[in-house]
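Notes follow the structure.
Values quoted throughout were computed directly from the atomic coordinates according to the rules given, and no laboratory measurement underlies them. The model shown is predicted, which means the values in this text are computed figures rather than measured ones. Glycine gets a Cβ as well: all are built from the backbone with ideal geometry, and neighbour counts include every protein chain shown.
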Ligand SMILES: NC(=O)c1ccc[n+]([C@@H]2O[C@H](COP(=O)([O-])OP(=O)(O)OC[C@H]3O[C@@H](n4cnc5c(N)ncnc54)[C@H](OP(=O)(O)O)[C@@H]3O)[C@@H](O)[C@H]2O)c1
């Protein structure tokens, strides 16, 4: 099917529209004139919809809210939202970020929410009859990971990688010393769910003439649009600014992408002639500045926020290890213009301060 030519092709739908990435996808689309059907679980939640209504107010496109649940997708929960849409941006996943209200999903539930629900979403797209493309938010977890034992140090991941190597060797590469593979729902629900959702999505696309395209983000930062976005890595950055240690900081190698660049890529992918069913875009660093070992990440934050004692002065040992991958393909094929990692981190921190999540000064 051809690319969508723009807002004149009809409305578009975004699942996970209230979330951090989904909200930026909605914002980007509305700013480019699209009428967006924004799907979240509960449209009466003002904390999750106020910023979407503000985006609607500013236009030039519009936002219409729909209550839909991934776990009711097979029963047609998204049918109304997708009716007449030219494209669907499937961003939603139950990753436990609203555990206070909805509980934390078991590995089985998380996996089902990724794979079964994505297929049910695609069925709703097919039912709509108007949907040409689905842009799926997968994850770098489906791209980066353990390679073959002889893989080079600081291997540069590309869109050809499935968790660090070929798709065929996934189970083998996840075997422990005991010879038992960890590539199971129980041990790797998220990564396996994203890989299996992508694969099942492409097969569905092939069979049904709907192009399924994926974006695979790594560590996403950028301005929060509301308090519910204080989760995942943004939350960790806020902890560092408050002078606390970050969870897992010692071991982490960062690979930073701006949430606004993910949103832009999603719209460009829907409108581009360069993509086909099964195209993937790594949403990762644009250069080495975004591939930061833990100590350099914290030093960069300290430079950007001199009024905050980042992690109370704690720094993990320096290392040469980097989590490598670049968003070159999106830049070259779609014409994506990226933010620098420093601007991304600065804008994240400033939005945490503006929202009152982090004080203006922490000494
Ligand atoms: N943040 C990252 O660094 C990162 C990296 C790689 C991939 N991703 C992927 O990006 C996507 C969005 O992540 P995010 O960081 O924006 O997370 P987020 O802020 O927690 O957003 C999650 C979204 O999914 C929706 N959702 C959750 N469970 C649902 C359910 N059962 N039914 C319907 N909607 C449901 C939420 O809606 P409610 O308002 O109803 O809760 C929310 O809009 C996910 O697919 C995630 O796996 C994120």
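Give me the Å³ per residue figure for the convex hull around the C-alpha atoms of the chain. Let's see the in-between values first.
Values: hull volume 48.2 nm³, N = 363.
Once divided by residue count, the hull of the chain is 133 Å³.
How high is the relative contact order of the chain? Use alpha-carbon pairs under 8 Å, at least six apart in sequence, and give a whole percent. Could the numbers behind the result be given before it?
Working: 772 pairs, mean separation 63.3, N = 363.
It comes to 17 percent, rounded to a whole number.
At q = 0.14 Å⁻¹, what base-10 log of I(q)/I(0) does the Debye formula yield for segment 108-175 when every alpha carbon is treated as an equal point scatterer in vacuo?
Taken in order of the listed q values, log10 I(q)/I(0) reads -0.59.
According to the Kirkwood expression over distinct Cα-Cα pairs, how big is the hydrodynamic radius of segment 15-163, in Å? It would help to have the intermediate numbers written out before the result.
On the way: mean 1/r = 0.0602 Å⁻¹.
For segment 15-163, the Kirkwood estimate is 16.6 Å.
Once you put a point 7 Å from the Cα of residue 80 and another 7 Å from the Cα of residue 232, both along the Cβ direction, what distance in nm separates them?
Here the answer is 2.8 nm between the modelled labels.
Gap in Å between the Cα centre of segment 349-363 and the Cα centre of segment 27-75?
Using only Cα atoms to place each centre, the spacing works out to 27 Å.
Looking only at the chain, where both bridge partners belong to it, what percent of the DSSP beta bridges are antiparallel (to the nearest 5)?
Values: 5 of 38 bridges.
Just about 15 percent of them are antiparallel.
Can you give the Rg/Rh ratio of segment 192-327, where Rg is from the C-alpha atoms and Rh is the Kirkwood radius? Could you put the intermediate results ahead of the total?
Details: Rg = 17.7 Å, Rh = 16.7 Å.
Ratio of gyration radius to Kirkwood radius for segment 192-327: 1.05.
Classify segment 44-96 from the C-alpha gyration tensor, please: rounded if a/c falls under 1.5, else prolate or oblate depending on whether a/b exceeds b/c.
Details: a/c = 2.09, a/b = 1.33, b/c = 1.57.
Cα axes put segment 44-96 in the oblate bin.
Counting only Cα, what are the radius of gyration and maximum Cα-Cα distance Dmax of segment 188-254, in Å?
17.0, 52
Which distance in Å, rounded to a whole number, links the C-alpha centroids of segment 266-283 and segment 151-171?
21
Using only the Cα atoms of segment 244-316, what semi-axes does the equivalent ellipsoid have when each is the square root of 5 times a gyration tensor eigenvalue? Give whole Å, largest first.
Working: eigenvalues 221, 33, 18 Å².
Each semi-axis is the square root of five times an eigenvalue, giving 33, 13, 10 Å.
How big is D for segment 176-222, in µm² s⁻¹ as a whole number, if Stokes-Einstein is applied with the Kirkwood radius of its Cα pairs at 10 °C and 1.306 mPa s? Let's see the in-between values first.
Details: Rh = 12.9 Å.
So the translational diffusion coefficient is about 123 µm²/s.
Residue 50 to residue 154: extension gain in nm, 0.36 nm per residue of separation minus the Cα-Cα distance?
That pair, residue 50 and residue 154, stretches by 33.2 nm at full extension.
Starting from the exponent 0.38 and prefactor 2.2 Å, build the expected Rg for segment 247-363 from its residue count and divide its actual Cα Rg by it. The partial results should precede the final answer.
Numbers: Rg = 16.3 Å, N = 117, 2.2 N^0.38 = 13.4 Å.
Output field value: 1.22.
At 7 Å along the Cα-to-beta-carbon direction for both residue 288 and residue 321, put a label point, then send me their distance in nm to one decimal.
2.0
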